[in-house]
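The block underneath contains the structure these notes are about, expressed in structure tokens.
Where a number appears in this text, it was derived from the coordinates with a stated rule and is not lab data. Note that the structure is predicted; figures quoted are calculated from it, not measured.
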Amino acid sequence: MPVILRYKCSGCGNIEERDATTQAHPTTCAGCDSPYQLMPEAKKFPLEPLGSVVIVRKIASDISAGGVYVPTNEGQFAYIIGEVVAVGLGIYSSDGTILRPMVNVGDTVVAPLPAAKQITFEIQRHLKERGVAQEELDKLFVIPEQMLAARFV
Ligand SMILES: [Zn+2]
């Protein structure tokens, strides 16, 4: 069973993942030659998305408590703003290399609301068994990475 560890470049912030059971840890960044540091695994989310799927914890959205969005201007539609809590390892390109998603855990992203699917009761139940707090469960959305619209910087 692979044990995936994440390392962050102390210079440019690039993130590398290694399977601790089969791969050596990265030492210096190929891009900027700075040392890599192991990222704290406390943030490891118990549901790992596959491919380029992202799991987001909602921070805000244009939807009222009653579930209604009333646009104030023509052309507006509803968005969700959330923090990325888990991200897939990527998809294979035609030449067999893995194309990593462009977002990382901790990023604050924006997505059109129709692209964000709230996780179901059954998945919530499994996450609760794995230690995710009840108040977090209703805020979790699954979004294909290619549907993300923007990231706050
Ligand atoms: Zn670097």
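Some notes on this structure:
- Along each principal axis, Cα extent of segment 19-134, largest first, Å: 52, 37, 29
- Equivalent-ellipsoid semi-axes for segment 1-42 (Cα gyration tensor, √(5λ), whole Å, largest first): 19, 11, 6.
- Net length gained if the chain between Gln146 and Gln118 were fully extended (0.36 nm per residue, minus Cα distance): 8.4 nm
- Calculated mean residue ellipticity, 222 nm, the chain: -2000 deg cm²/dmol, from DSSP H runs (n ≥ 4) at -39500 (n - 2.57) each, averaged per residue and rounded to 500.
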